[in-house]
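Step one of this worksheet: look at the structure below.
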There are 2 protein chains.
Amino acid sequence: MSTTPDIIGLNFIDGKRVGENSTVLYSVDAVTKQRLAQAFVVASVSEVEAAVKAAQKAYPLFRNISSKKRAEFLDVIAQELEALGDEFIKVAVQETALPLARIQGELLRTSNQMRLFATVLRRGDFYGARIDTAQPQRAPLPKPDLRTYNIGLGPVAVFGASNFPLAFSVAGGDTASALAAGCPVVVKAHPGHLYTSEYVAGAICKAVERCQLPSGTFNMVFGEIETGEALVLNPAIKAVGFTGSLRAGRAICDLAARRPEPIPVFAEMSSINPVVVLPNALDVRGDVIALQLANSITVGCGQFCTQPGLILAIKSPELDLFIENLAKQISEKDAQTMLNSGVLQNYEMGVARLEIHPSVTLLAKGRESANSGSAMLFKADFKVLAEGDAIVQEEVFGPLSIIVEVEDKDQLTLAISKLRGQLTGTLLAEPEDLKTSAILITQLEEKVGRIILNGYPTGVEVCDAMVHGGPYPATSDSRGTSVGTLAIERYLRPVCYQDYPDEVLPEPLKNSNPLGLRRLVNGIQTEIAI
Amino acid sequence: MSTTPDIIGLNFIDGKRVGENSTVLYSVDAVTKQRLAQAFVVASVSEVEAAVKAAQKAYPLFRNISSKKRAEFLDVIAQELEALGDEFIKVAVQETALPLARIQGELLRTSNQMRLFATVLRRGDFYGARIDTAQPQRAPLPKPDLRTYNIGLGPVAVFGASNFPLAFSVAGGDTASALAAGCPVVVKAHPGHLYTSEYVAGAICKAVERCQLPSGTFNMVFGEIETGEALVLNPAIKAVGFTGSLRAGRAICDLAARRPEPIPVFAEMSSINPVVVLPNALDVRGDVIALQLANSITVGCGQFCTQPGLILAIKSPELDLFIENLAKQISEKDAQTMLNSGVLQNYEMGVARLEIHPSVTLLAKGRESANSGSAMLFKADFKVLAEGDAIVQEEVFGPLSIIVEVEDKDQLTLAISKLRGQLTGTLLAEPEDLKTSAILITQLEEKVGRIILNGYPTGVEVCDAMVHGGPYPATSDSRGTSVGTLAIERYLRPVCYQDYPDEVLPEPLKNSNPLGLRRLVNGIQTEIAI
């Protein structure tokens, strides 16, 4: 709709703020649902095209700057993010209803994530340098000199999530890993936190300027589904990073697969993060587990990709007591404001589907409050899992979990075998349990990206060894992670040089090894020069 | 058709030879086109299902054996392949019309490829082990212990190519890398070399037995398109390796993307392998280049993925002389028997499309012979490339190349920018040329998987630093290679262990580092124990 808003939020394209459209989006206060003042101009078709063109133009320059310079750029982004100030924090809280401390913590997580990728660039192992030197005398044919290293794929489109307006959004893990890889980025701002996105995009653009990088290195457009589709379909986009719902993620995968030139999509979509409570653990510390699990189910109003939505345990009197305990914990949890009306509505629809299902029983409901999400605990019959009914497998995004009781270990194994792919799988177990449960570990390994022992799935550490990925539908490609430094590998591809002279070779492949990399030289890992 | 053939070739499923169907396939003598005696039974729907089930059942066991044991298995496969004997070599020659020496060489390449992957397993870097140790005292939240390594994706479907009946087929790079990764394999035998496939499958099955591995570790089915489709659509198949045409490869990609659970497909499909001849090189050694290039165009009747199908050069009197030379070379080349009638027919159709195109001129045709492929040299107007006409971009599989003359360096840059993704890009250049052509290297890097200087694209070394991949349509995923040890990474995904005790952790992640791996521990690459 054409309007005359107080202030205009324009798109970030090639270092400029532009917006020729009269169509605008508004952000709302997540608590009051009041529309906020600023209008954000939806990018026109030609503006989306211009954003991608800018990224494409920046690519050859940006990917070829030294990894040291790219590391400095990520450090400067971190500084600019931390300099955003109180006004920014206030706006992020207002748009998402997330607590102040959470937003402050998430900002630090986001800036430190940039710094962590800077250390990856300085370490240099992401280059994956491999050298096989020539054997001119080899018979029957001489062996050429072959040297391989990784380069960035090209411009990457990033779609942020609503539940982490900083760490999984404009400057989140997808953007950080793509920029680290040498890929310029075009972000489609999430409509749930437009103000927040504008601040963050501004910070990144300042860093681009301060580091004198090509102006198209980072771009951001405002818009809805059509804008995202145009981005994914643009031939110059070479990969997509997405965090969000299974429906939206799959739609993007399908779109990308239908392009004349299909491109990889890394979509983190849907997980119910099964928690298996084993008999001895129940026996020894069932009450503590009930307390801790109730917290993991409800923290942040359950709005985490790794929220535990399914609990599996073997029938026993201890389990009955545990369920009673857990139900009590859940029933005492306060209702919380959710990220936005859409999220609340989806949560309520998910709850309603469970409530009317003949094989599902409500065990407990937390405190209620207008326009808020209440904690819920359900119980589902084993046959629901055994028969492949989707009701317990579909993620209900919010503070809700479903218990499935099984008769014995064999049924537990069968239940796990029926699970779809997951981000995480958790065992709550005593050493005794583990001795007899090796098969559960093997089973979980095949279903998930991260297996947890005696912890809870919420809380995802940003580090080298993190895997925040997993078989479909947890993600669209289980070989990637969207948290941790391994995320950079999604946006890299190898290029091999055959018989190029040393002076023309890129630094990681030169004889003298000027970057001091560990390289695979003639089959041996070594740091020495050739 | 139901028949009573002399001998029956059955499918290889779970260590048994089975075939309940009455539908059979026959192989033909590639020279005489005579049908060979043995009938090969097309796998029934339930047999395809059984093959995948066997692979699925083998997976937890096979992926969990030590990498040392898996290395031994690959070594035993190599032994069994080399023990196949003269009868086998004779049959492979008969089915493909490839020269005896070529088949003998390809067999060694194939067995050595198995041994090379065995060294990768013994080296252990494919595990990608990463460890971040716990910080229980960290505030505000303790840091858990996180440890990540790579596991095989699950059962892999392999579709071999007709042009390398050994190195890119039943025991080729896709099978070798999948088995190395710990993924059981189901091969669909290529209809162009059924006998050869049967011999090779028998050798692998012997190795499975000798190493006492699960009988479903390797399976092979006979069939046509429907058999392949059933394989790709089976939910237990977790990845696909394919080498062949763009049409078939893209169809498999589309099928895999439409599955309820989409899976990665690594299809190596189509490349015209541009060769750029720069002015000083033309000047100094145009005659030698003409000779060598003519050989690269026609070797093996041009039936190589890396056959140079496009030559780019700047107009000059030297270029005129070079073209004259090259045309003469091509016109003197003998016709050669192609792999099969289908390949010859496709080649002739490709030639016909070029002959009738108004902007394409025939420069030379090699000697002719009945039922054989003659070498061909065409010239196309620059505008064909500039205007994006597919005529020069579509691979014509066979001994054919197209020269495109450009006016100057700018037009050369424009021409390269118009190219689709390629397996290789070659510069023929003197040092002088390189000094002024840095941009060409950057351009080629973005278009191809391997850039070659003063060599020819045919001849793909099997080694650590090889990249036989590239942007679409060269392959379906430029992040993979189908030749060289990096190929293993296509079939691996990371799994993270959080807070598991040392005795439960897999060997690559144990504190004592029993495998002696180089691991990334708390951000530092180290071989020491924790």
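Being open to solvent by less than 10 Å² (accessible area, probe 1.4 Å), touching a Pro at 6+ places or on another chain (Cβ under 9 Å) and facing chain A (nearest Cβ under 9 Å) narrows it down to one residue among B:Gly425, B:Gly449, B:Gly459, B:Gly470; which is it?
Answer to the check: B:Gly449.
With touching a residue at least 12 places away in the same chain (Cβ under 8 Å), among the aliphatic types (A, V, I, L, M), open to solvent by 10 Å² or more (accessible area, probe 1.4 Å) and not in a loop (DSSP other than H, G, I, E, B) as the only criterion, which of B:Leu179, B:Leu121, B:Leu116 stands out?
From the options B:Leu179, B:Leu121, B:Leu116, the qualifying one is B:Leu116.
For the range B:33-54, indicate whether the set of residues that are part of a loop (DSSP other than H, G, I, E, B), more than 28 Å from the chain's Cα centre (by Cα) and not assigned by TED's automatic domain parsing to the domain that holds B:Gly124 is non-empty.
The initial filter retains those residues of the range B:33-54 that are part of a loop (DSSP other than H, G, I, E, B), namely B:33-34, B:42-44.
Narrowing further to those that are more than 28 Å from the chain's Cα centre (by Cα): B:34.
Now drop any that are not not assigned by TED's automatic domain parsing to the domain that holds B:Gly124, which leaves B:34.
Yes, that holds for at least one residue.
So for the range A:509-526 (the condition being at the interface with chain B (Cβ under 7 Å from one of its Cβ atoms), over 27 Å from A:Ala157 (Cβ atoms) and crowded, with 19+ Cβ neighbours inside 10 Å), does at least one residue qualify?
Within the range A:509-526, one or more residues are at the interface with chain B (Cβ under 7 Å from one of its Cβ atoms), over 27 Å from A:Ala157 (Cβ atoms) and crowded, with 19+ Cβ neighbours inside 10 Å.
If we keep just the residues of the range B:30-50 that are over 16 Å from B:Gly9 (Cα atoms) and modelled with pLDDT of 95 or more, which is most open to solvent (accessible area, probe 1.4 Å)?
We begin by selecting, within the range B:30-50, every residue over 16 Å from B:Gly9 (Cα atoms); these are B:30-34, B:45-46, B:49-50.
Right, trim to modelled with pLDDT of 95 or more and you get B:45-46, B:49-50.
Details: B:Val45: 125, B:Ser46: 65, B:Glu49: 76, B:Ala50: 43 Å².
The residue in question is B:Val45.
Within the range B:226-259, track down each residue that is assigned to a helix (DSSP H, G or I), within 24 Å of A:Pro473 (Cα to Cα) and open to solvent by 10 Å² or more (accessible area, probe 1.4 Å).
B:Glu229, B:Ala230, B:Leu233, B:Arg250, B:Ala251, B:Ile252, B:Cys253, B:Asp254, B:Leu255, B:Ala257, B:Arg258
Residues being out of contact with any helix residue (DSSP H, G or I) (no Cβ under 7 Å at 6 or more places or on another chain), part of a strand (DSSP E or B) and either more than 9 Å from chain A (Cβ to nearest Cβ) or closer than 26 Å to B:Phe73 by Cα (or both): count how many of those fall in the range B:141-167.
Within the range B:141-167, residues that are out of contact with any helix residue (DSSP H, G or I) (no Cβ under 7 Å at 6 or more places or on another chain), part of a strand (DSSP E or B) and either more than 9 Å from chain A (Cβ to nearest Cβ) or closer than 26 Å to B:Phe73 by Cα (or both) number 1.
Go over the candidates B:Leu153, B:Leu141 one by one and state the one that is of a type outside the set (Gly, Ala, Ser) and surrounded by fewer than 24 Cβ atoms within 10 Å (Cβ to Cβ).
Matching residue, one of B:Leu153, B:Leu141: B:Leu141.
Exactly one condition in (1) in contact (Cβ under 8 Å) with a residue 40 or more places away in the chain; (2) in a helix (DSSP H, G or I); (3) within 12 Å of chain A (Cβ to nearest Cβ) is not met by B:Ile131; state its number.
All conditions pass for B:Ile131, except number (2).
Does A:Val170 satisfy the criteria of being under 18 Å from the mean Cα position of the chain (by Cα), in a strand (DSSP E or B) and hydrophobic (A, V, I, L, M, F, W, C)? Break it down stepwise before answering.
Values: under 18 Å from the mean Cα position of the chain (by Cα): yes; in a strand (DSSP E or B): no; hydrophobic (A, V, I, L, M, F, W, C): yes.
No; evaluated as a whole, the condition is false for this residue.
Quick one: A:Pro501 ticks every box in (1) over 25 Å from B:Glu527 (Cα atoms); (2) in contact (Cβ under 8 Å) with a residue 24 or more places away in the chain; (3) facing chain B (nearest Cβ under 8 Å) bar one, so which box is it?
Failed condition: (2).
Might you let me know whether the range A:360-370 holds any residue that is closer than 30 Å to A:Thr442 by Cα and either at pLDDT 95 or above or within 14 Å of chain B (Cβ to nearest Cβ) (or both)?
yes
So A:Ser169 ticks every box in (1) small (Gly, Ala, Ser); (2) out of contact with any strand residue (DSSP E or B) (no Cβ under 9 Å at 6 or more places or on another chain); (3) modelled with pLDDT of 95 or more but one. Which box is left unticked?
(2)
Among the residues of the range B:476-485, is any open to solvent by 50 Å² or more (accessible area, probe 1.4 Å) and more than 10 Å from chain A (Cβ to nearest Cβ)?
No: the range B:476-485 contains no residue that is open to solvent by 50 Å² or more (accessible area, probe 1.4 Å) and more than 10 Å from chain A (Cβ to nearest Cβ).
Quick check on A:Lys16: is it more than 21 Å from A:Gly152 (Cβ to Cβ) and open to solvent by 30 Å² or more (accessible area, probe 1.4 Å)?
Yes: the conditions hold for A:Lys16.
Check off (1) more than 13 Å from A:Gly223 (Cα to Cα); (2) of a type in the set (A, V, I, L, M, F, W, C); (3) open to solvent by 20 Å² or more (accessible area, probe 1.4 Å); (4) modelled with pLDDT of 95 or more for A:Ile7 and give me the number that stays unchecked.
Every listed condition holds for A:Ile7 apart from (4).
Can you say whether B:Leu108 is without any contact (Cβ under 8 Å) to a residue 60 or more places away in the chain, of a type in the set (A, V, I, L, M, F, W, C) and within 14 Å of another protein chain (Cβ to nearest Cβ), as far as the supplied structure shows?
So B:Leu108 passes the test.
Testing A:Pro262 on (1) assigned to a loop (DSSP other than H, G, I, E, B); (2) touching a helix residue (DSSP H, G or I) at 6+ places or on another chain (Cβ under 7 Å); (3) open to solvent by less than 10 Å² (accessible area, probe 1.4 Å), one condition comes back false. Which one is that?
(3)
Which residues, taken from the range B:366-394, are closer than 30 Å to B:Thr32 by Cβ and surrounded by fewer than 23 Cβ atoms within 10 Å (Cβ to Cβ)?
Scanning the range B:366-394 gives B:Arg367, B:Glu368, B:Ser369, B:Ala370, B:Asn371, B:Ser372.
Which residue out of A:Arg123, A:Arg138 is charged (D, E, K, R), within 14 Å of chain B (Cβ to nearest Cβ) and within 25 Å of B:Arg519 (Cβ to Cβ)? Lay out the reasoning, then the answer.
Details: A:Arg138 fails: within 25 Å of B:Arg519 (Cβ to Cβ).
Within the list A:Arg123, A:Arg138, the selection yields A:Arg123.
Could you list, in sequence order, all residues of the range A:478-516 that are under 26 Å from B:Phe117 (Cα atoms), in contact with a helix residue (DSSP H, G or I) (Cβ under 6 Å, 6 or more places away or on another chain) and assigned to a loop (DSSP other than H, G, I, E, B)?
Matches in the range A:478-516: A:Gly480, A:Thr481.
For the list (1) of a type in the set (S, T, N, Q); (2) buried (at least 24 other Cβ atoms within 10 Å of the Cβ); (3) without any contact (Cβ under 8 Å) to a residue 60 or more places away in the chain, I need the number of the one condition that B:Thr442 fails.
(2)
Residues to consider are A:Lys435, A:Lys418; find the one that is at pLDDT 95 or above, open to solvent by 10 Å² or more (accessible area, probe 1.4 Å) and basic (Lys, Arg).
That would be A:Lys418, the only listed residue that is at pLDDT 95 or above, open to solvent by 10 Å² or more (accessible area, probe 1.4 Å) and basic (Lys, Arg).
The values are calculated or read from the model by the stated rules, or taken from the named source; none is laboratory data. Everything quoted here is computed from the prediction, not taken from an experiment. A quick note on method: Cβ atoms are made from the backbone with ideal geometry, for glycine too, and the neighbour counts reach across all protein chains shown. Just so you know, the surface numbers come from the protein's heavy atoms only, side chains and all, with ligands and any DNA or RNA stripped out. Shrake-Rupley method; radii C 1.70, N 1.55, O 1.52, S 1.80 Å.
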